[in-house]
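Each remark here refers to the structure printed beneath this line.
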Amino acid sequence: MDIPSLKDKVSPEEWQLRVDLAAAYRLVAMYGWSDLVFTHISARIPGPEHAFLINPYGLMFDEITASSLVKVDQNCNKLSDSPFFVNPAGFTIHSAVHAVREDAGCVLHTHTRAGVGVSAQKNGVLPISQQSTFVLASLAYHAYEGVAFREEEKPRLQADLGDKNFLMLRNHGLLTVGRTIADAFLSMYIFESTCQIQLAAQSGGAELTEVNPLILQGVAQAMKVQTEGMGGSFVWPALIRKLDRTDQSYKT
């Protein structure tokens, strides 16, 4: 697909954000978390416009490039020329989060089998793995209201999310909020792993051992130790190297 480059038409800061967000889409595809064209990742552009970047609806995640990302405002108005349009449900969810979370540099949403599977379980995420402890330390739930394109759902989604960084959308999927794209991606990796492990453990049919609740109190410090206080940026360079060994076209 021939998409004109925007590299010389946007600020260096926006271009780097576009490259990182396109990389996140490619990595989501690489790890098998995409759902054809139906999920979405957004990144806030710093500045007074309150704008964010989101995927061009209709492109597979392994097709998305830095220049194909669509720049929109809080009312879904395109702020730059683009032949693409935006997924209405994607816009509703992401605009709702960006409107109330100034710390939300990136919002990542998936519909994986494991994520939807656990979201359909009454008790949600169970404290049965090391991965689950990181999720449970900042987890919220939002009840299913149908395909999320209705404006009236936004206040309820915002209230349910609150200040948490992991949101389980009941009967729907997973959502993570991060200060950066790297943070949101690492959180989704942990969230998805938590759900896969839970389903695997349950499929064995044996009684499950739960983590001591007191351990959850020290999770934030444990994460800082594991990432040297860098969060997602600790693993992001390695992820980019992994992606670049396969395909660097996302940078165009």
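The values are calculated or read from the model by the stated rules, or taken from the named source; none is laboratory data. Bear in mind that the values here come from a model prediction, so they are computed numbers and not experimental data. Here Cβ is always computed from backbone atoms with ideal geometry, including for glycine, and neighbour counts include all displayed protein chains.
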Would you be able to tell me the number of residues in segment 1-29 that are surrounded by 12 or more Cβ atoms within 10 Å (Cβ to Cβ) and charged (D, E, K, R)? 6
Residue by residue through segment 137-166, note down the ones that are closer than 24 Å to Arg179 by Cβ, aliphatic (A, V, I, L, M) and modelled with pLDDT under 95. Ala137, Ala148
Subset tally (residues that are in contact with a helix residue (DSSP H, G or I) (Cβ under 7 Å, 6 or more places away or on another chain) and either over 20 Å from Val177 (Cβ atoms) or among the hydrophobic types (A, V, I, L, M, F, W, C) (or both)) for segment 31-51: 4
Taking the options Val37, Val28, Val10, name whichever one is under 21 Å from Leu174 (Cβ atoms) and at pLDDT below 95. Val37
Any residue in segment 173-193 that is among the basic types (Lys, Arg), in contact with a helix residue (DSSP H, G or I) (Cβ under 8 Å, 6 or more places away or on another chain) and more than 19 Å from Ser233 (Cβ to Cβ)? no
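Each row is one residue, and each column tells you yes or no for (1) at negative phi; (2) modelled with pLDDT of 95 or more; (3) among the polar types (S, T, N, Q).
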| residue | (1), (2), (3) |
| --- | --- |
| Ile3 | yes, no, no |
| Gln16 | yes, yes, yes |
| Ala43 | yes, yes, no |
| Pro56 | yes, no, no |
| Asp73 | yes, no, no |
| Cys76 | no, no, no |
| Ser80 | yes, no, yes |
| Ala89 | yes, no, no |
| His94 | yes, no, no |
Here are some conditions: (1) among the aromatic types (Phe, Trp, Tyr); (2) part of a helix (DSSP H, G or I); (3) closer than 23 Å to Asn87 by Cβ. Phe149 meets all but one. Which one does it not meet? (2)
If I filter segment 106-128 down to residues being in contact with a Ser or Thr (Cβ under 7 Å, 6 or more places away or on another chain) and outside any loop (DSSP other than H, G, I, E, B), which single residue comes out as surrounded by the most Cβ atoms within 10 Å (Cβ to Cβ)? Cys106
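Of everything in segment 152-180 that's of a type in the set (Asp, Glu) and not in a loop (DSSP other than H, G, I, E, B), which residue is surrounded by the fewest Cβ atoms within 10 Å (Cβ to Cβ)? Give the derivation first.
Step one: list which residues in segment 152-180 are of a type in the set (Asp, Glu), which gives 152-153, 160, 163.
Those left that are additionally not in a loop (DSSP other than H, G, I, E, B): 152-153, 160.
Numbers: Glu152: 7, Glu153: 19, Asp160: 16.
Taking the candidates together, the pick is Glu152.
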Based on this model, can you work out whether Gly105 counts as in contact with an Asp or Glu (Cβ under 9 Å, 6 or more places away or on another chain) and either within 26 Å of Ser249 (Cα to Cα) or aliphatic (A, V, I, L, M) (or both)? yes
Output the number of residues of segment 191-204 satisfying the condition of being buried (at least 20 other Cβ atoms within 10 Å of the Cβ) and of a type outside the set (Phe, Trp, Tyr). 4
Quick check on Gly205: is it assigned to a loop (DSSP other than H, G, I, E, B) and without any contact (Cβ under 8 Å) to a residue 12 or more places away in the chain? yes
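Within segment 194-252, restricting attention to residues that are among the charged types (D, E, K, R) and modelled with pLDDT under 90, which residue is farthest from the chain's Cα centre (by Cα)?
From segment 194-252, those among the charged types (D, E, K, R) are 207, 210, 224, 228, 241-242, 244-245, 247, 251; that's our starting set.
In the following step, the residues that additionally are modelled with pLDDT under 90 were identified as 224, 228.
Details: Lys224: 20, Glu228: 22 Å.
Here the answer is Glu228.
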